[in-house]
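The structure appears below as structure tokens.
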Amino acid sequence: MREDRVLDLRGIAKSFGSARILEGVELTVRRGERHAIIGPNGAGKSTLFNLISGQFSPTSGSILLNGREIAGRPPHQINRMGLSRSFQITNIYHRLSVFENLRLGVMARHGLRFSLFRRVAALRAVNEESEALLQRIRLEDRRDRPAGDLTYSEQRALEIGMTLATAPEVILLDEPTAGMSQEETHYVIELIREVTKGKTLLVVEHDMNVVFSLCDRISVLVYGELLATGTPEEIRANRAVQEAYLGEEVA
Amino acid sequence: MARVWQLLLFVLIMAVLIGLPPLLGAGLQNAMTNMLIAALFAMAFNLLMGQGGMLSFGHAAFYGVGAFAVMHLMTAIDRGGLSFPTPLLPLAGAAAGLLVGLVTGWFATLRSGVYFALVTLALAEMLHSLAPHWEGLFGGEAGISSMRMPWGGFIFGQVIEIYYLTLIWVTLSIGLLYAYTRTPFGRLTLALRDNEERVRFMGYDAHATKMIVFAVSATFAGIAGGLLAVSNEQANYELFGTHVSAQVVLHTFVGGSTVFFGPAIGAAIFTLFAYLVSDVSRSWLLYQGVIFVLVMLYAPLGIGGVVMLHLRHWASIPWQRMVGPYAGATAATLLMAIGTVMVVEFLEALFSPHYVAQRRQAETSWPAFERFGASWEPFGILTWGPPLLLLIVGLLILLRLRHRIVALWDEVQETAETAARSGA
Amino acid sequence: MLEFIIISTLNGVTYGLLLFMVSAGLTLIFGMMGVLNFAHASFYMLGAYIAYSITRTIDFWIGLLVAPLLVGLLGMLVERYLLRRVHRYGHAHELLLTFGLAFIFEELIKLFYGDFPVNYSMPAYLRFPAFSLFGADYPFYRLFIGLVAIGMFVLLYILLSRTRVGLVVRAAERLPSMAEALGHNVPLVFMGVFGVGAALAGLGGAVAGAFFPTNPNMALELGVIVFVVVVVGGLGSIEGSLVASLMIGVFSSFAVGLNWSLARLLDLVGLGDWARELGGLMTLTLSSISGTVPFLLMLIVLLVRPAGLFGERN
């Protein structure tokens, strides 16, 4: 049963000054599942992501990744331990080529962090892996364009690709479909489904159709507290959730 | 095709740099030595600024540290029979730059943006204010001077020998800096400039990365300073001065910080011009400042950036329609430049102590003054009319042509965008 | 010793108040526009030279009045026609532009007035001792510099805290887009603040130039110290820059008279001779490194508490 838990949040609280954003959050993410976090604006979803990925440290509580404490560690260490995140606001290297954006992630995974004496063009494994990733996110024909020149949905796809580039075991996606048309949303969701096969996915998402069709389990965060966790059916049937959050949209 | 051109250009430049100096006098040879040193210094600075995205206002610190390190080594050789090959003296500059760069870099890169710039400024100012009082290390106000020792059959007594030594070091260093851009770490440096946050979330230690970029930049700045010390056989606290840090910023941005060789171009142009006009005009620094501000206002990517823009869109530029406006704009710029120089030089002459003394002696209250090998009346219409006319005419032409050129470029951009959309 | 302390304190406070006159504008501009204005100390220098020219041709008091106005106008032009142009390229670019302007101003001053100090001094009737202390006269003009600075600070404070204009300025500083949405002309406010900041620096130059040397280096020399002040006080904080100005001012005037060194400090624990043998940093006296300490302080503040003593933001 223990091996089943990839990510374990225990009693997580976070305050900024006197403002309490999160309070007593307990959350378990199982290996291989696709887990959504939903909740109204300002519920603390992004803060939760920032705590897990190392952007901030929690005020109290512990976060275990495969049984190892990661709360308070810097982002680069957490990333190396196998957890990678995407950003709600596209966070790419605008002036570098699409290929380079991906290759930087692949390089990191190969431990080429202070490599001053090798030619990047001669790194066969790295380059091949980057090309393969480029194909998986279907941006081959944009390979050498500066990432800043891509369309919005292409940039979102690149954002996901960059998150995958370090070959993480756990993937955190922060509103991957924000600001997209229905068509684009559909495209990106298919992409996510495809590229996260066999990995653990934790996703913050506003689009309920996406959440209910994509994810195995759902957690509901309201005013900094975890209201419920369960399968889509359980969440749909949960009265507290309906009252607090879903009521307006689903009823 | 592009590669062939690049190679050709490289061969041509190297041929000039190797073949030309023996035909020149010692003064010009020395100027070219300084040009090479300034080029390397600017390239080192731009590794930090253009590639790493960190604007340093205190790069004189590493330049100066490199120079002093070489002077100490040179003194040790001169005095104490320490045997060390003279051509390798700049290694001391590199080592000192690396060491000081690592230590100060660790601190400086804790901050970013304006705060980073201020940390570097404070570092350099500390050295600048400390050095004149620290006799043992920096030789007090007078600084340190020494002599180059002959080595391996070379006397190193002539300027030309030092020039070639500098050329070898600078070529090698710039070659290494170029190779740096092709390493995984070089790519990471660019990523750091674009988006430091993402670098961290990709598993890189951003602070350690920045510190190393800083130290590499300081190392090459140290080599540049070391070469200066080899050439001058002396170093003093003024190497740490604000003006030294300022010059490298000016060179880099006029040359273009987004293009690899841009800073070298800026440094070469500015140092050569400074030498060429220093006999003729005292106002060179003013022109330099004006050029810098104009570049910042109208060509923020610098000379190199403008050249690159044209190369990138070469095929889609409507040259037939562009040649006219470009020629006109060049001519107008020239007119305005001549007008400006005339006005500045006239003012310089009128406000010089020399002229003030003349006025005191002369019977008429405003005697004529000498400039450009002619005599001018201080209030004559023939004095002020021509330059003002040049300025006005040039300005009018530029204002008219500007719209045409901008419109043509809009077309070019549009073609480029449609080409990109169709996936070409 | 008592004499040294009193005189040094007085000198330090007046010098600190002068520093404040220049740094107030710099920190205000940074707080509002995010622009670190490298040309700010140039406004100080221009104030001194313009006042000098007017004093020579017309009158000292008119110079004192007109120089700040002219410098303020120049500041507004710089903001409106130069800074605003490069705004879209980002703060680094704005900083570089002001850096280039500082360069140009210095060279222009050299062009018109030469490389050497000019003879700008106060009128003879202001050249009298304010009081005598321990048999030495204390010049009235030093106090005058301090008084002008205090008067200016009071005026600025009232303007910012008691008037509608001040309210808009403070709103524009905190939330420019909100202030704009509320119908205030934020670009105009920016231009105004830039102009006022420049005028203050110009006033500082016009007043101080008649006492301290007026030369083409004065912008650079004061400029770096003013950077120290605004950083230590906290970029954007007026109160901070007042405190930091006084701190640096008092420190500088005390330090030049003290020959303390690390070696003398080690004398207390009996290690003085060992330190003197070491030489180097150990035997440097405080007076000789009085120019270095402010930068060390600035460095420490930047690394430990970049928001400065009084700043709220990083």
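Shielding of C:282-294 by partners, i.e. mean partner chain Cβ atoms within 10 Å per residue?
That average works out to 3.
Once phi is turned into ³J(HN,Hα) by the Karplus curve 6.51 cos²θ - 1.76 cosθ + 1.60 with θ = phi - 60°, what whole-Hz value does each residue of segment B:244-257 show in order, with x for glycine and proline?
With coefficients 6.51, -1.76 and 1.60, one gets 5, 4, 5, 4, 5, 5, 4, 4, 5, 7, 5, x, x, 7 Hz.
Which translational diffusion coefficient, to the nearest whole µm²/s, is obtained for segment C:163-314 from the Stokes-Einstein equation, given a Kirkwood hydrodynamic radius over C-alpha pairs, 10 °C and 1.306 mPa s?
86 µm²/s
When only C-alpha pairs under 8 Å and at least 6 residues apart count, what is the relative contact order of chain C, in percent?
32 percent
Compute the whole-percent fraction of alpha carbon pairs in chain A spaced more than 23 Å apart.
The calculated P(r) of chain A puts 51 percent of pairs beyond 23 Å.
Taking the C-alpha atoms of segment B:313-421, how large are the radius of gyration and the largest Cα-Cα span, Dmax, in Å?
Cα-based Rg and Dmax for segment B:313-421 come out at 21.9, 76 Å.
Along the three principal axes, how long is segment B:57-138 when you take its alpha carbons, biggest first, rounded to the nearest angstrom?
Extents along the principal axes, in whole Å: 47, 26, 15.
For chain C, evaluate the Debye formula with one uniform point scatterer on each Cα (no solvent term) and list log10 I(q)/I(0) at q = 0.13, 0.16 Å⁻¹, rounded to two decimals.
So the normalised log intensities work out to -0.97, -1.36.
If we sort A:113-124, B:248-259 on the protection proxy, mean other Cβ atoms within 10 Å, highest first, what's the order?
The densest-packed peptide leads the list: B:248-259, A:113-124.
Find which of C:Phe211, C:Gly291, C:Val228 sits farthest along the positive direction of the dipole of segment C:202-314, computed with +1 on the beta-carbon of Lys and Arg, -1 on that of Asp and Glu, about the Cα centre.
In segment C:202-314, that residue is C:Val228.
Where in chain B is the longest stretch that carries no GluC sites (Glu not before Pro) classed as loop by DSSP and with at most 14 other Cβ atoms within 10 Å?
B:142-362
What area, in nm² and to one decimal, does the C-alpha convex hull of segment C:260-309 cast on average over all directions?
So the mean shadow area of the Cα hull is 4.3 nm².
Give me the one-decimal nm value for the distance between modelled label points at B:Leu12 and B:Val277, 7 Å along each residue's Cα-to-Cβ direction.
Placing both labels 7 Å beyond Cα along the Cβ direction yields 2.5 nm.
Distance from the Cα centre of segment B:60-96 to that of segment A:26-65, in angstrom?
That distance is 56 Å.
So for B:Met342, B:Met43, B:Met49, fewest C-beta neighbours within 10 Å to most, what's the order?
Least crowded to most crowded, the residues run B:Met342, B:Met49, B:Met43.
Considering the options B:Ile144, B:Pro386, B:Met71, tell which one lies farthest towards the positive end of the dipole of chain B, charges being +1 on Lys and Arg and -1 on Asp and Glu at the Cβ, about the Cα centre.
Going by the Cα projections, it comes out as B:Pro386.
If the reach is capped at under 15 angstrom between alpha carbons, list the aspartates and glutamates near C:Lys110, excluding any in the same chain fewer than eight residues apart.
C:Lys110 reaches B:Glu345, B:Glu348.
Ordered by residue, what ³J(HN,Hα) values in Hz, to whole numbers, does segment A:23-36 give under the Karplus form 6.51 cos²θ - 1.76 cosθ + 1.60, where θ = phi - 60° and Gly and Pro are x?
So the J values, rounded to whole Hz, are 8, x, 7, 10, 8, 10, 10, 8, 4, x, 8, 10, 10, 9.
So which residue, out of A:Asn209, A:Asn101, A:Asn66, gets the largest mean-square fluctuation from a GNM of chain A using Cα contacts under 10 Å as springs?
Fluctuation is largest for A:Asn209.
For segment A:108-251, what is the largest minus smallest coordinate of the Cα atoms on each principal axis, given in angstrom and ordered from greatest to least?
The Cα atoms of segment A:108-251 stretch 60, 30, 25 Å along their principal axes.
Taking every pair of Cα atoms in segment C:159-241, average 1/r, invert it to obtain the Kirkwood radius, and report Rg/Rh to two decimals.
Ratio of gyration radius to Kirkwood radius for segment C:159-241: 1.07.
If you put +1 on each Lys and Arg Cβ and -1 on each Asp and Glu Cβ, how big is the dipole of segment B:51-203 around its Cα centre, in Debye rounded to 20?
Approximately 480 debye in magnitude.
Show me, for segment C:150-161, the HN-Hα J-couplings you get by feeding each phi into the Karplus relation (A = 6.51, B = -1.76, C = 1.60, θ = phi - 60°), rounded to Hz, glycine and proline as x.
In residue order, the calculated couplings are 5, x, 5, 5, 4, 4, 4, 5, 4, 4, 6, 9 Hz.
Could you tell me the ratio Rg/Rh of the protein assembly as shown? Both radii from Cα atoms, Rh via Kirkwood.
Looking at the protein assembly as shown, the ratio lands at 1.00.
Calculate, axis by axis, the spread of Cα positions in segment B:17-281 along the three principal axes, and write the results as whole Å, longest axis first.
Answer, in whole Å and largest first: 55, 40, 39 Å.
With runs of 4+ DSSP H residues as the only contributors, calculate the mean residue ellipticity of the protein assembly as shown at 222 nm using -39,500 (n - 2.57) per run, divided by the residue total and rounded to the nearest 500.
After summing the helix terms and dividing by the residues of the protein assembly as shown, the value is -20000 deg cm²/dmol.
Kindly put C:Ser287, C:Ser42 in sequence by how many other C-beta atoms sit within 10 Å of each C-beta, fewest to most.
C:Ser287, C:Ser42
List the relative contact order of chain A as a percent without decimals, with contacts defined as Cα pairs under 8 Å and 6+ residues apart.
Relative CO of chain A lands at 26 percent.
Can you grab the distance from the C-alpha centre of segment C:155-200 to the C-alpha centre of segment B:292-310, Å, no decimals?
Between the Cα centres of segment C:155-200 and segment B:292-310 lies a distance of 34 Å.
Taking the dipole about the Cα centre of chain B, with the C-beta of Lys and Arg at +1 and of Asp and Glu at -1, give me whichever of B:Ala206, B:Leu89, B:Asn46 is farthest to the positive side.
Result: B:Ala206, furthest along the dipole toward the positive end.
Once you order the gyration tensor axes a ≥ b ≥ c over the Cα atoms, which shape class does segment B:151-294 get: rounded for a/c under 1.5, otherwise prolate or oblate by comparing a/b with b/c?
oblate
Taking the beta-carbon count within 10 Å as an exposure proxy, list A:Val29, A:Val222 from fewest neighbours to most.
Starting with the residue having the fewest Cβ neighbours, the order is A:Val222, A:Val29.
State to the nearest 20 debye the size of the charge dipole of the protein assembly as shown about its Cα centre, where the only charges are +1 on K and R beta carbons and -1 on D and E beta carbons.
In total the dipole reaches around 700 debye.
Each reported figure results from applying straightforward, stated rules to the coordinates on display, with no laboratory input. None of these values were measured; they are calculated from a predicted model. Cβ coordinates were reconstructed from backbone atoms using ideal geometry, including for glycine residues, and neighbour counts include every protein chain displayed.
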